[in-house]
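Accompanying notes for the structure given below.
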Amino acid sequence: MNLTQLKALFVKAGCQRLYAKPLSENDNSKNQVYFGPDFQALNLFPNEGIFPDSSPKNPIFKAGLHFGWLTPSGQIAHAPHSQLILYPQYPEVRFSGFLKGCASAPSELMAERLAGRVLFLGVTGDRHIAGWVDGPKSEAVKELLALGLSPAFGVFLSIGLPTVPDEASSRTRLLAELRRIHGQGWIDSRQLSADGTLKPCNAPQCGGFTLEAELKIPKNSKAEPDFLGWEVKQHAVTNFDRVESGVITLMTPEPTGGFYRESGPEAFVRKFGYADKQGRPDRLNFGGVHKTGQRHSQTHLTMSLAGYDAERGKITDPDGSIQLLTDRGAVAASWNFAGLLTHWTRKHAKAAYVPSQCRKEPRRQYCYGDKVRLAMQTDFIRFLRGMAQGAVYYDPGLKLEHASGKPEVKRRNQFRIKSADIAVLYASLELTIL
């Protein structure tokens, strides 16, 4: 089978992205397959949730995969024990369990120590992964090597599929769309519903919804990158020539532990919140910038990274978490590393940061700037490093209205970063003028 035929087979199986990993002698079923010296592979390959599976001598994370081997007929033969293993002490990611329980698995090629093999991995629209491996003498491998591709993501080559743009053309199409949107000037605030209808939008977060509507991305769409593999994030600025001004919200996960989880957000705000600073009656707030190692003056809580060694830049305990601690060391709220890993790696392989401005008269409208930053190559270790440095911080917007009557809780647990600091999260950051 040549490379063209192989790509057509992946398309037939429903794949929308295709990657290739040249295998070394040690890349086999016994030693596992090396997926890179960081956690970038988690951004490429959808998993079924990350969980700690550790012992004192061998702290690791695991992530189950919906993986199967591609058959010559274009079907996917499920390999039920496939998983990624994350070794935070190095760090690195390895692929294992891909032969067990699958009668159609290429056992001979994947069990032997043979250099020159290539593992092809396709990702479908419904978050499944299809694998194919060929030896060094196959036509597909010879054609691939002749292309002289350089790794696009960690140790993986990116291969364009007939029905899907390759890396260069997806970037070109994204920038063309952002150029078109910039050229429209002021755009009425709106959002695209899942059924394809446009509806007005009148809330502070409508800048993102309006941009997504222009890109034909429905609100509440599945947790995948927005546009041809790119996560598109707008951020407010006062001057389009100063795209590094302002703040960017990275993610909004709910706490997974501590008093917040045990007693609920209402009890949490009552215990750690404070009276509204603008004098609005019968209202309690919980907000403000919480940085690692700094006690907050209003909430009296201190952010801590339990299970992360800031000096070595490594996770030392997979059961660790980001924690908000009281002065006595009690955990007010926490976010476990496994959950944050899952959250962070869903949509952050490639990100486009688009500046925006808003006006509310005569109606809410947005316009988008012509200076866009394209960011690539991130992983969760970079996120934790940013937390330890204080560049990434917790900036919640929780409030309890009608506190003495029928209380109404509004919650927003935000991890944010100053726009000027986003380089700490990525190995590559490029400013592009549309």
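The values are calculated or read from the model by the stated rules, or taken from the named source; none is laboratory data. In this text, all values refer to a predicted model and were calculated from it rather than measured experimentally. For neighbour counting, all protein chains shown are included, and Cβ atoms are generated from backbone atoms with ideal geometry for every residue, glycine included.
Counting only residues that are under 18 Å from Gly125 (Cα atoms), among the polar types (S, T, N, Q) and touching a Cys at 6+ places or on another chain (Cβ under 8 Å), give me the strands (runs of 3 or more DSSP E) lying completely in the range 30-77 with at least 1 of them.
Those strands (runs of 3 or more DSSP E) do not exist here; none qualify.
Conditions (1) acidic (Asp, Glu); (2) within 19 Å of Val123 (Cα to Cα); (3) in the same structural domain as Lys12 (by TED's automatic domain parsing), marked per residue:
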site: Pro136; (1), (2), (3): no, no, yes
site: Glu139; (1), (2), (3): yes, no, yes
site: Leu145; (1), (2), (3): no, no, yes
site: Gly148; (1), (2), (3): no, no, yes
site: Gly154; (1), (2), (3): no, yes, yes
site: Ser170; (1), (2), (3): no, yes, no
site: Leu174; (1), (2), (3): no, no, no
site: Glu177; (1), (2), (3): yes, no, no
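Looking only at the range 109-136, count every residue that is charged (D, E, K, R) and modelled with pLDDT of 95 or more and tell me the total.
Residues that pass the stated criteria total 2.
Tell me, which residue of the range 19-77 that is basic (Lys, Arg) and over 17 Å from Ala130 (Cα atoms) is surrounded by the most Cβ atoms within 10 Å (Cβ to Cβ)?
Lys62
Just one of Gly257, Gly246 is at pLDDT below 95 and either more than 22 Å from Asn43 (Cα to Cα) or not acidic (Asp, Glu) (or both); which is it?
Residue meeting the stated conditions: Gly246.
Which is at pLDDT 95 or above and in a strand (DSSP E or B), of Lys21, Lys7?
Only one candidate passes the filter, namely Lys21.
Just the residues that are at pLDDT below 95 and over 18 Å from the mean Cα position of the chain (by Cα), please, taken from the range 411-433.
Arg411, Arg412
Among the numbered criteria (1) surrounded by 17 or more Cβ atoms within 10 Å (Cβ to Cβ); (2) out of contact with any strand residue (DSSP E or B) (no Cβ under 7 Å at 6 or more places or on another chain), which single criterion is violated by Ala176?
Going through the list (1) surrounded by 17 or more Cβ atoms within 10 Å (Cβ to Cβ); (2) out of contact with any strand residue (DSSP E or B) (no Cβ under 7 Å at 6 or more places or on another chain), Ala176 breaks only (1).
Which of the helices (runs of 4 or more DSSP H) found entirely inside the range 101-206 contain at least 2 residues meeting this: acidic (Asp, Glu)?
139-146, 167-183
Search the range 183-206 for residues that are loosely packed, with under 13 Cβ neighbours inside 10 Å and pair each with any residue that is among the acidic types (Asp, Glu) when their beta-carbon atoms are under 8 Å apart and the residues are at least 6 apart or on different chains.
Qualifying pairs under 8 Å: Gln184/Glu214; Pro200/Asp188.
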